[in-house]
1. Working only within the stretch 78-100, note down all residues that are open to solvent by 80 Å² or more (accessible area, probe 1.4 Å) and assigned to a helix (DSSP H, G or I).
2. Considering each of Val55, Val75, Val67 in turn, give the residue that is open to solvent by 60 Å² or more (accessible area, probe 1.4 Å), over 30 Å from Asp141 (Cβ atoms) and within 24 Å of the chain's Cα centre (by Cα).
3. Answer yes or no as to whether Pro349 is touching a Ser or Thr at 6+ places or on another chain (Cβ under 9 Å) and of a type outside the set (Gly, Ala, Ser).
4. When you scan the stretch 124-219 for helices (runs of 4 or more DSSP H) that lie fully inside it, which ones turn up with 2 or more residues that are in contact with a strand residue (DSSP E or B) (Cβ under 9 Å, 6 or more places away or on another chain)?
5. Please enumerate the residues belonging to the stretch 85-107 that are without any contact (Cβ under 8 Å) to a residue 60 or more places away in the chain and not hydrophobic (A, V, I, L, M, F, W, C).
6. Filter the stretch 142-155 down to the residues that are open to solvent by 50 Å² or more (accessible area, probe 1.4 Å) and within 21 Å of Ser290 (Cα to Cα) and list them by number.
7. For the stretch 338-350, check the following and say yes or no: at least one residue is open to solvent by 70 Å² or more (accessible area, probe 1.4 Å) and part of a loop (DSSP other than H, G, I, E, B).
Amino acid sequence: MYDPALAPWRGTRMIGRWGFRRGLEIDRATHEQLLADPAARPAATSSGEAWLSAVSVVLALLGLAAVGYLVWLAVASDLPPGVRLALAIPAALVLLLVKPSFGRMPTYGVITEREAPHLHRLVREVADAAGTPVPDVICADLSLNAGVARLGWRQRSVLVIGIPLWVMLPRPARASLLAHELGHLANGDPLRVRRTLLARTFGARAVAATGGRNPWRRAVGAADSLAEEGRGTVVLLGMIVHGVLALANVAAATAQLLVDSVAMPDSRRAEYRADLVARRVAGSAPFLQSSETVLLAGRIWQDLWHLAPRIDGEQLEAMAAEARQRLTVHLPLARQLSRRSTDLWSTHPSDDQRMRLIEALPSVDGECGVDDSRWANIDAELAPWRRAAHNALLGTRDRF
């Protein structure tokens, strides 16, 4: 059932309730489709992706037109400099909203093959089993997460491993985590996102440019401040300016909500497909272990925070395993809470829904096995990062 205390806030309770119901409908339909044929390949282009690609092309053309307009103002226009500057402002704003963003390649946390040959070998084996290219760069950071993306002008693939989550996971579940992230490359998901990036980000950029959330509260606060300090004309002009900004903010937020209504169902289906890759490569049980650990990760990290002054980085894995076992009793509630946060505009389905799909399929063993000696070698390669995670728990700024 819809729980406004847990569901993301979408402006009104009616919209939130509709998004909750619509999210459940999409999850049920996706379950039925994937249970009928788990090995089915995704469609080359969904209707949502086609629409967003078309919008992205229109926005790109708008950006090119703005560039041409600015060049004309600077080179061919006979208008006075002050007038040209004033006329250039709208085009400059358009460019800020539609400029391409390729992302920056990470400079910190890159793990080279020379530093960690066993980890790179494992990633290659998982990539081969998943049927995906090997990522160009492997990075580590101190987040409770993992991810894959294509970044930079050359669109190089980057695998990011959050070390706190890595040490919490049972060893077989780590292979499942890698398989899930690389599964996105197998399905071409980062490239799909790149093709529709302008449409996906235009509204969010406009919201940020007009002040962010709560525009009317901000407008009323600004009017009160002007009323205390300024004259009537100043107050009137200020209210008009803030009112226009608030209207633009609402329009941008509405546009972003509409875009996400089209984009997020594809994103959610991509997560399910990546889960199926993880099931095939690492096995059903390791996938469920990884999902359970993700559900409990915040509580496990809190337990490790309390223990941090009494342990060192080499003990993190053992202490995390004890905390995970102790917190297992909370899993049913955690799964229920995740299900209540279902939302059409979320990039991921709830962890409970993802686990239900794998539980409904026959249990399988993974194609990619790793023995304890290899895991020990990988742990030795990542020892500096375990120390960094321990330092983060202690609240220090040491990287290694």
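The values are calculated or read from the model by the stated rules, or taken from the named source; none is laboratory data. The shown structure was predicted, so the numbers you read here are calculated from the model rather than taken from an experiment. All Cβ positions, glycine included, derive from the backbone under ideal geometry; neighbour counts span all protein chains shown. Each accessible area value is taken on the protein alone, full model and side chains, heavy atoms only, with ligands, DNA and RNA left out. Shrake-Rupley method; radii C 1.70, N 1.55, O 1.52, S 1.80 Å.
1. Within the stretch 78-100, Pro81, Leu85, Ile89, Leu93, Leu96 meet the criteria.
2. Unique residue meeting the criteria: Val55.
3. It is true that Pro349 is touching a Ser or Thr at 6+ places or on another chain (Cβ under 9 Å) and of a type outside the set (Gly, Ala, Ser).
4. 163-168, 171-186, 189-195
5. Scanning the stretch 85-107 gives Pro90, Lys99, Gly103, Arg104, Pro106, Thr107.
6. Matches in the stretch 142-155: Leu142, Leu144, Asn145.
7. yes
Yes/no matrix, rows are residues, columns are (1) over 21 Å from the mean Cα position of the chain (by Cα); (2) open to solvent by 10 Å² or more (accessible area, probe 1.4 Å); (3) under 14 Å from Leu165 (Cβ atoms):
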residue: Phe287; (1), (2), (3): no, no, no
residue: Leu295; (1), (2), (3): no, yes, yes
residue: His306; (1), (2), (3): yes, yes, no
residue: Ala320; (1), (2), (3): yes, no, yes
residue: Leu333; (1), (2), (3): yes, yes, no
